[in-house]
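Q: Can you keep this structure in mind? I'll have questions shortly.
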Amino acid sequence: QVQLVESGGGLVQAGGSLRLSCAASGRTLSSYAVGWFRQAPGKEREFVSAISWRGSSASYADSVKGRFTISGDNAKNTVYLKMNSLKPEDTAVYYCAARPYGSGSSSPNDYGSWGQGTQVTVSS
């Protein structure tokens with residue numbers, strides 16, 4: 001099973017940018033579809049973005065479309081989430097998750113491997 005570690009979170013002002021990383025070990029990440037989810041205090045975990053196996057397609061939640069970009073680097077076995085024009089409502093713990101092969105999914109139940117999360121805080 002693949003192990004995932006997120007990094008890159010932090011405190012940023014509204015309008016700023018961050019790039020989150022999801023580094024994999026134990027398996028080649030190109031054999032997995034990878035999703036990013038987030039969870040704010042008192043709220044359910046919600047879908048942010050996903051990239052399919054081999055990176056052939058990507059999907060985004062409407063709330064982040066046009067501001068966030070998901071990408072993969074096979075050489076580094078890492079998937080990134082570049083976040084621009086950040087808003088206070090983007091504040092949450094961000095998690096990456098992986099599922100073998102197939103397309104990315106917006107349902108957290110479709111993913112079997114999860115990272116520990118990284119905190120993103122956007123101040124107004």
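Q: Excluding G35 itself, calculate the net charge of residues whose Cβ lies under 14 Å from the Cβ of G35, where each Lys or Arg counts +1 and each Asp or Glu counts -1.
A: Charge balance near G35 sits at 0.
Q: For the chain, what relative contact order do you get, as a whole percent, if you take Cα pairs closer than 8 Å and at least 6 residues apart?
A: Dividing the mean separation by the residue count of the chain yields 37 percent.
Q: Over all distinct Cα pairs, what is the inverse of the mean 1/r for the range 1-83, reported as the Kirkwood hydrodynamic radius in Å?
A: One decimal place: 13.4 Å for the Kirkwood radius.
Q: P(r) for the range 50-98, please, calculated from all Cα pair distances in 5 Å bins and given in %.
A: Over the range 50-98, the share of Cα pairs per 5 Å bin runs 5, 17, 30, 26, 14, 7, 1 percent.
Q: Please give me the summed charge of the neighbours of T78: other residues whose Cβ is under 12 Å from its Cβ, Lys and Arg +1, Asp and Glu -1.
A: Neighbourhood net charge equals 0.
Q: Using the reciprocal of the averaged 1/r over all distinct C-alpha pairs, how large is the Kirkwood radius of the range 1-42 in Å?
A: 12.5
Q: If you don't mind, another one. List the aspartates and glutamates whose alpha-carbon lies under 18 Å from that of K87, not counting same-chain residues fewer than 8 positions away?
A: The reachable aspartates and glutamates, counting only those whose Cα sits under 18 Å from K87, are E46, D62.
Q: Still on this structure, please answer the following. Over every pair of different alpha-carbon atoms in the range 41-124, take the mean of 1/r and invert it; report that Kirkwood radius in Å.
A: It works out to 13.7 Å.
Computed from the coordinates by the stated procedures, all read-outs in this text should not be read as laboratory data. All of these numbers come straight from a predicted model, not from anything done at the bench. In this analysis, Cβ positions are derived from the backbone assuming ideal geometry, glycine residues included, and neighbour counts consider all displayed protein chains.
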